[in-house]
Amino acid sequence: MLYLRECSKFQIPNDLFVSDSLTLKFTLGSKLKMGDTEELAAEYTRVSNTQYGTGLFLLQRLNVVPDMRVLDVGCGPGNLTAHIAEIVGENGSVVGIDPSTERILIAQKIQKQNLSFYEGQAEDLSQFAAESFDAVYVNSTLHWVQDQPAAVKEFGRLLRRGGLLGISGGSGDTLSAQEKIKAEVLSREPYRKYPEESPPKFLKQRELEKLLDDAGFPERRIVVNKITKSTKDADEMIDWLDASSSGKTYGSIPLELRPRAREEMKAEWNKLLVEDGIHMDIDLLVTVAVKA
Ligand SMILES: C[S@@+](CC[C@H](N)C(=O)[O-])C[C@H]1O[C@@H](n2cnc3c(N)ncnc32)[C@H](O)[C@@H]1O
């Protein structure tokens, strides 16, 4: 109710962007950082129903309503972003940003007058004007953001007073089977010679609370969303993990070692195989916070 009242008067954005040249800067910079491929991006579009479902769980709590100006940070190929464009309607607007050129190219094929996609990353959203959004959300992405304090501060800068921040992502308080298998296999020879350069960071709830305090979000609610990812076998699970992580399932080991590491991971997943497939429990921390 609080959110509905606060979100009832919105303007259609016109001066949303600071400068187009900054968009170009992100385009060039992000290409150097990402290890994504067209194949992984296309596969993710096909198999991301789990993330789509967790996004809906988040967005129901965020209470997105018509006329809102919404930013989707780490939008991937834009499936969920397009859904939000329907909800905000023709007087609202939705922008998706993602550092992966491959995913943004897929997203840009979705044509709606109130929907746009750009390359960019959570840590530096300087292409957008301060207080230009009513809601900012981050689904299944924050663990890949290397400078999480900078990112959450950026979200605070972009939100108007009373605007809403939504975050859903894996909890650092409980390790999933994927994290355990990845850590165990990559600690073996010869993979251990190649420490992961930008490992995912799953926040514990107390770490998340600190980030929110530091960025000006004293009013918030965090709940745990317990989900289970099920696949028919180990190959399907690893394919989903590869597409979801833009190929980072194997940390920073060289390309030629990846097929071997995959086989070793597959052997570990097969130990969890039951009659109807593999089931991985995942705890997600789901935050809705209000900009003070
Ligand atoms: C699992 S996908 C989630 C995509 C989408 N949010 C969804 O729910 O389907 C993670 C996304 O995070 C993006 N990503 C990685 N690092 C990022 C960063 N620093 N800032 C923003 N997005 C990032 C990846 O390119 C990828 O599209």
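Worth pointing out:
- Unit charges on C-beta of K, R, D, E only; dipole of segment 103-258, Debye: 320 debye
- Here segment 192-292 is assigned +1 on the Cβ of each Lys and Arg and -1 on the Cβ of each Asp and Glu. Its dipole about the Cα centre then comes out at about 360 debye.
- Dipole in debye (nearest 20) - the chain, about Cα centre, beta carbon charges: Lys, Arg +1; Asp, Glu -1: 560 debye
- Backbone geometry of segment 265-277 corresponds, through the Karplus equation with coefficients 6.51, -1.76 and 1.60 at θ = phi - 60°, to 3J(HN,Hα) couplings of 5, 4, 4, 5, 4, 4, 5, 9, 5, 10, 3, 9, x Hz, x marking Gly and Pro.
- Per residue convex hull volume, Cα atoms of segment 197-278, in Å³: 127 Å³
- The chain shape via C-alpha gyration tensor axes, a/c threshold 1.5: prolate
- Extension reserve of the Ser198-Phe57 stretch, reckoned as 0.36 nm per residue once the Cα distance is removed: 48.0 nm
- Placing pseudo-labels 7 Å out from each Cα toward the beta carbon at Arg46 and Ile227 gives an inter-label distance of 2.0 nm.
- Extended-chain gain in nm, criterion 0.36 nm per residue less alpha-carbon gap, Ala129 and Leu272: 46.6 nm
- Computed helical MRE - 222 nm, the chain, DSSP H runs ≥ 4 contributing -39500 (n - 2.57), nearest 500: -11500 deg cm²/dmol
- For Lys204, distant residues with modelled amide H under 5 Å away: Gly172
- Per-residue ³J(HN,Hα) for segment 122-135, Karplus 6.51 cos²θ - 1.76 cosθ + 1.60, θ = phi - 60°, Hz, x for Gly and Pro: 4, 5, 9, 10, 5, 6, 9, 6, 4, 6, 9, 10, 8, 8
- Sites matching trypsin sites (Lys or Arg not before Pro) across segment 52-159 that sit in DSSP coil, with at most 11 neighbouring C-beta atoms within 10 Å: Lys109
- Residues of segment 126-163 with an amide N closer than 16 Å to a point placed 7 Å from the Cα of Asn91 along the Cα-to-Cβ direction: 134.
- Distance between the pseudo-spin-label points of Leu105 and Ala292 (7 Å out from Cα toward the beta carbon): 4.5 nm.
- Look at the alpha carbon pairs under 8 Å that are at least 6 residues apart: their mean separation over the length of the chain gives a relative contact order of 21 percent.
- Scalar couplings 3J(HN,Hα) for segment 190-202, obtained by applying the Karplus form with A = 6.51, B = -1.76, C = 1.60 to θ = phi - 60°, are x, 5, 5, 6, 10, x, 5, 6, 10, x, x, 10, 8 Hz; x denotes Gly and Pro.
- Entries of Lys193/Lys266; Lys153/Lys248; Lys112/Lys210; Lys109/Lys271; Lys210/Lys248; Lys109/Lys226 with Cα pairs more than 31 Å apart: Lys112/Lys210; Lys109/Lys271; Lys109/Lys226
- Our summary gives segment 140-264 a relative contact order of 34 percent, counting only alpha carbon pairs under 8 angstrom and 6 or more residues apart.
- Summing charges over all other residues whose Cβ lies under 14 Å from the Cβ of Val223, with Lys and Arg as +1 and Asp and Glu as -1, gives +1.
- Net lengthening on full extension, Arg260/Gln205 (0.36 nm per residue, minus Cα-Cα): 16.3 nm
- Of the residues Leu255, Pro200, Ala41, the one whose Cα sits farthest towards the positive end of the charge dipole of the chain is Pro200 (charges of +1 on Lys and Arg Cβ, -1 on Asp and Glu Cβ, taken about the Cα centre).
Bear in mind these aren't lab numbers, they're just calculated from the coordinates by the rules spelled out. Since the model is a prediction, treat every value here as computed from it, not as a measurement. Please note: Cβ atoms are built from the backbone with ideal geometry, for glycine as well, and neighbour counts cover all protein chains shown.
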